[in-house]
Amino acid sequence: MKVVILAGGLGTRLAEETEIKPKPMVEIGEHPILWHILKHYSYYGFNEFYVALGYKGEYIKRYFLDYVALQGSMTVQVGNGDVTRHQFKTDPWTLHLIDTGTTTMTGGRVLRLKRYLDNEPFLLTYGDGVSDVDIRALVAFHKAHGKTATLTAVRPPARFGRLDFDGDLVSDFTEKPQMGEGFINGGFMVLNPAIFNYLQDDSSILEHALEQLSRERQLAAYKHTDFWQCMDTLRDKRYLDQLWSAGQAPWKH
């Protein structure tokens, strides 16, 4: 099953980082968040990716060209330009880096990929969020219910820490807990080809198509109550950096 990653947005709430690079290339630890997402899907055996490029898409292309070219040791014959590579080992990914327009909306980006997806179900997520969701279990859930689309429903982290009180004393202090109730769309979707019936042109918004599917009872939710975190703000990036640096990143395999 092919994996679509939406990687073309402006990332305006992370302007400190995205003035010079697209949001999926903002780093967690020493790697872009896009790399972390690819690693997660690859762990579950999904290795063919269609990355929908937009804003500063050339940055993503350049990164992966260098990522392949600079792996392992090498011998360079400067006189004729021959390169012999040694101990070369990298990831089993096939990356299709597809330009989908700088102003195209989310649904329009998906629509532009239609001809590559062979009229088969496909996986899709956003290029700015990580999770420990079991992708194989998600796919099995999608196949079992037979609806047009499945999204991963997550409880968003609270923006601030939570305090519980015992009189005037703090009985419990929790830094950025998962909210106790309420789910949101966390990405990590599975979509049947019928999704294209709900997308018209570059102005189409994927989330509006999902709203229509929900009204038609064709949208299922795979509830994931463990780790999920988007990277909307600099605070989110720092939080993910801290988890990675401390060796406590739940999404790492």
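A few remarks follow.
- Matching residues, the stretch 199-253, being of a type in the set (S, T, N, Q), outside any helix (DSSP H, G or I) and under 25 Å from residue 147 (Cβ atoms): 200, 204, 218, 225
- Contact annotation: residue pairs with Cβ atoms under 8 Å, 6 or more positions apart or on different chains, pairing a residue in the stretch 206-229 that is free of Cβ contacts under 8 Å to residues at least 60 places away in the same chain with a partner that is of a type in the set (Phe, Trp, Tyr), are 212/198.
- Of the residues making up the stretch 63-74, those that are closer than 9 Å to residue 88 by Cβ and either surrounded by 13 or more Cβ atoms within 10 Å (Cβ to Cβ) or among the acidic types (Asp, Glu) (or both) are 71, 74.
- Taken as a whole, the stretch 52-75 holds no residue that is in contact with an Asp or Glu (Cβ under 8 Å, 6 or more places away or on another chain) and either farther than 19 Å from residue 113 by Cβ or of a type in the set (Lys, Arg) (or both).
- The set of residues from the stretch 1-30 being over 16 Å from residue 241 (Cα atoms) and at pLDDT 95 or above comprises 1, 2, 3, 4, 5, 6, 7.
- Every listed requirement among (1) at pLDDT 95 or above; (2) closer than 18 Å to residue 34 by Cα; (3) acidic (Asp, Glu) is met by residue 91 save one, (1).
- Meets criteria (under 29 Å from residue 18 (Cβ atoms), touching a helix residue (DSSP H, G or I) at 6+ places or on another chain (Cβ under 8 Å) and modelled with pLDDT of 95 or more) for residue 125: yes
- From the list 143, 89, the lone residue that is more than 16 Å from residue 5 (Cα to Cα) and not in a loop (DSSP other than H, G, I, E, B) is 143.
- Which numbered condition residue 131 fails, given (1) without any contact (Cβ under 8 Å) to a residue 60 or more places away in the chain; (2) of a type in the set (Ser, Thr, Tyr); (3) closer than 30 Å to residue 146 by Cα: (1)
- Subset of the stretch 43-62 [surrounded by 18 or more Cβ atoms within 10 Å (Cβ to Cβ) and free of Cβ contacts under 8 Å to residues at least 60 places away in the same chain]: 49, 53, 54, 55, 56, 57, 60
- Subset of the stretch 1-23 (residues that are of a type in the set (Val, Ile, Thr) and either farther than 16 Å from residue 35 by Cα or surrounded by fewer than 15 Cβ atoms within 10 Å (Cβ to Cβ) (or both)): 12, 18, 20
- Long-range neighbours under 8 Å by Cβ, at least six apart or interchain, first residue charged (D, E, K, R) within the stretch 86-107, second modelled with pLDDT under 95 and surrounded by fewer than 19 Cβ atoms within 10 Å (Cβ to Cβ): 89/71; 89/72
- Condition check for residue 39 on (1) assigned to a helix (DSSP H, G or I); (2) in contact with a strand residue (DSSP E or B) (Cβ under 7 Å, 6 or more places away or on another chain); (3) under 29 Å from residue 242 (Cβ atoms); (4) not aromatic (Phe, Trp, Tyr): one failure, at (2).
- Which listed residue is closer than 22 Å to residue 6 by Cβ, at pLDDT below 95 and of a type in the set (Ser, Thr, Tyr), from 225, 233: 233
- If you go through the stretch 28-40 and pick out every residue that is charged (D, E, K, R) and either at positive phi or under 13 Å from the mean Cα position of the chain (by Cα) (or both), you end up with 1.
- As a summary of the residue check, residue 248 satisfies the conditions (1) touching a residue at least 60 places away in the same chain (Cβ under 8 Å); (2) more than 20 Å from residue 121 (Cβ to Cβ) except for the one numbered (1).
The values are calculated or read from the model by the stated rules, or taken from the named source; none is laboratory data. Keep in mind the model is a prediction, meaning the values are calculated, not measured. With ideal geometry, Cβ positions are generated from the backbone for all residues, glycine too; neighbour counts draw on all protein chains shown.
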